[in-house]
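The values are calculated or read from the model by the stated rules, or taken from the named source; none is laboratory data. It should be emphasised that the depicted structure is a prediction, and the values quoted were computed from it without experimental measurement. FYI the Cβ positions are ideal-geometry reconstructions off the backbone, even for glycines, and counts take in every protein chain you see. Heavy atoms of the whole protein, side chains included, go into the accessibility calculation; ligands, DNA and RNA do not. Shrake-Rupley method; radii C 1.70, N 1.55, O 1.52, S 1.80 Å.
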Amino acid sequence: RLVALRVDALVNAVGILMPSRTATFERVHTAGPSELFGGAAIAGVERVVHVSALGVGTASRDEPAYLRSKRLADQALLALPIAGAVVRPSLVYGPCSESARLFATLAALPVIGLPGRGSQRVQPIHVFELAECIARLVERAEPARGVFELGGGDAVSYRAMLETYRAALGHGEAVWLPLPIAAMRLAARLAEFAPQRVLCRDTIALLERGNASDHNAAPALL
């Protein structure tokens with residue numbers, strides 16, 4: 001199909017935050033992309049950009065399932081003899097962003113629960129900036145290869161991010177309630193039964209690890 005479509009560049013931006021019975025992390029993040037990348041190599045697609053996630057590292061016993069599934073797809077692409085670029089963005093926000101809607105909802109509460117003191121680092125990047133980075137990787141003169149971490153202009157604490165959302169909504173001071181990580185995990189487990197697709201145990205695990213880059217490639221690309 002890629003040959004018939006005469007595809008010369010491919011961007012994979014498929015991803016989920018919460019798995020379901022039919023859409024598991026393994027199918028959506030690992031098996032599907034790996035087949036796609038293999039097909040691209042066979043079809044002679046010149047450039048492939050894969051949207052992964054900041055925080056992907058080496059295999060470990062406490063590696064969240066979300067990051068593991070992303071890591072395996074990253075490795076599958078980078079092992080192929082094609083120009084493959086893996087972009088790992090921090091939190092992505094913008095129009096119709098489910099995660100941004102969740103953070104805005106949390107920020108609007110009169111009492112806001114924090115994991116610990118809420119000092120975990122995040123580096124939100126706007127979806128338009130992420131899209132521009134990807135476009136420049138596709139269009140650059142020399143094929144892009146390797147891993148590119150992408151974040152916004154400021155790395156802030158989780159609490160500071162919620163404070164920004166709260167100020168933007170026009171709310172006054174809130175009561176900040178530090179909670180043990182175990183309590184946050186329990187709340188996330190219960191939230192998995194609610195009609196939302198953002199807050200889950202893997203979300204808390206990702207937040208625990210922090211989501212800021214020490215090697216942000218966005219300024220150079222933009």
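What to note about this one:
- With respect to the chain, whose longest principal axis is taken over its alpha-carbon atoms, helix 65-78 is tilted by about 20°.
- Whole-Hz ³J(HN,Hα) from phi, Karplus 6.51 cos²θ - 1.76 cosθ + 1.60, for the stretch 210-222, glycine and proline x: x, 9, 10, 9, 8, 9, 6, 8, 4, x, 5, 5, 8
- Range in the chain, longest, excluding exposed GluC sites (Glu not before Pro) [loop by DSSP; at most 14 other beta-carbon atoms within 10 Å]: 47-172
- Under Karplus coefficients 6.51, -1.76 and 1.60, residue-wise ³J(HN,Hα) of the stretch 163-174 in Hz, glycine/proline x: 4, 5, 4, 5, 5, 5, 7, x, 8, x, 5, 10
- Acute angle (nearest 10 degrees) that the helix 181-191 long axis makes with the longest principal axis of the chain, alpha-carbon atoms: 70
- Available extension along the chain between ALA187 and ASP214 is 6.7 nm, counting 0.36 nm per residue and deducting the alpha carbon span.
- 5 angstrom amide H check on LEU114, placed H, neighbours 5+ away: LEU177, LEU179
- Relative to the compact-globule estimate of 2.2 N^0.38 Å, the Cα radius of gyration of the chain comes out at 1.07.
- Largest first, the residues THR22, THR58, THR30 sort by 1.4 Å accessible area into THR58, THR22, THR30.
- On a per residue basis, the stretch 95-222 carries 57 Å² of accessible surface, using protein heavy atoms and a 1.4 Å probe.
- Compared with the dominant Cα axis of the chain, that is its longest principal axis, helix 32-43 is turned about 20°.
- Annotation: amide H of PHE148 within the under-5 Å range of VAL86, VAL87, ARG88, sequence separation 5 or more or interchain, hydrogens built in the peptide plane.
- Computed over neighbours whose Cβ is under 14 Å from that of ARG27, the net charge equals +1, Lys and Arg +1, Asp and Glu -1.
- Average Cα contact separation per residue, the chain, under 8 Å, 6 or more apart, as relative contact order %: 24
- Taking 0.36 nm per residue of separation and subtracting the current Cα-Cα distance, fully stretching the chain between VAL147 and GLU35 would add 38.3 nm.
- Based on Cα contacts under 8 Å between residues 6+ apart, the stretch 1-97 shows a relative contact order of 32 percent.
- Length gained when the stretch ASP62-LEU169 is fully extended (0.36 nm per residue, less Cα-Cα span): 34.9 nm
- Cβ-based net charge around ALA85, under 9 Å, with every Lys or Arg adding one and every Asp or Glu removing one: +2
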